[in-house]
Amino acid sequence: MEFDVELEAHTGGAVNPSKAEKAVVYFFPKAFTSGCTREAVRFNELYDRFKALGFEVFGVSTDGVETLRKFAERYGLRFKLLSDKGGGLARRLGILRPSGSAERITYILIKGSVVRTLRGLKSADEHADRALEEAERAVSGAA
């Protein structure tokens with residue numbers, strides 16, 4: 001699974017999540033929708049716990065960078081949102097929906113390699129908590 005790609009961050013500049021020592025890369029369908037808003041707010045609430053484990057958190061959607069900037073500002077998000085405008089990365093990963101948005105999915109990366117994947121997440125409300133559990137398992141080496 002290839003994450004060696006640069007995406008534009010809502011803060012400006014290009015970011016390659018695979019360059020982080022440890023990363024939680026979560027894809028969400030669309031900024032400002034009710035589920036994706038709750039999901040982002042919860043990732044923000046758990047941000048310090050992810051950081052304590054050594055993880056950077058990146059939220060990725062096919063929204064444009066300006067939409068993501070407004071979304072991050074409105075909700076005070078402390079992690080970077082990355083724009084996969086056009087869905088190139090989502091398409092490569094096989095998670096691009098016919099609507100042009102990405103599926104709700106999370107990849108846990110350590111040293112650029114995907115070590116865990118959270119698929120089939122219907123509930124935006126439990127997404128961040130499940131991602132934290134998987135990050136903890138990845139660090140501890142648990143199955």
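Annotations for the structure displayed:
- Which numbered condition residue 114 fails, given (1) more than 22 Å from residue 14 (Cα to Cα); (2) β-branched (Val, Ile, Thr); (3) in a strand (DSSP E or B): (1)
- Residue identified as among the small types (Gly, Ala, Ser), within 22 Å of residue 5 (Cα to Cα) and part of a helix (DSSP H, G or I) among 135, 128: 135
- Residue count, segment 100-122 (criterion: touching a residue at least 24 places away in the same chain (Cβ under 8 Å) and over 22 Å from residue 22 (Cβ atoms)): 3
- Flag if residue 106 is under 22 Å from residue 49 (Cβ atoms), touching a His at 6+ places or on another chain (Cβ under 9 Å) and either part of a helix (DSSP H, G or I) or of a type in the set (Val, Ile, Thr) (or both): yes
Bear in mind these aren't lab numbers, they're just calculated from the coordinates by the rules spelled out. Note that the structure is a prediction, hence the values are computed from the model and not measured. All Cβ positions, glycine included, derive from the backbone under ideal geometry; neighbour counts span all protein chains shown.
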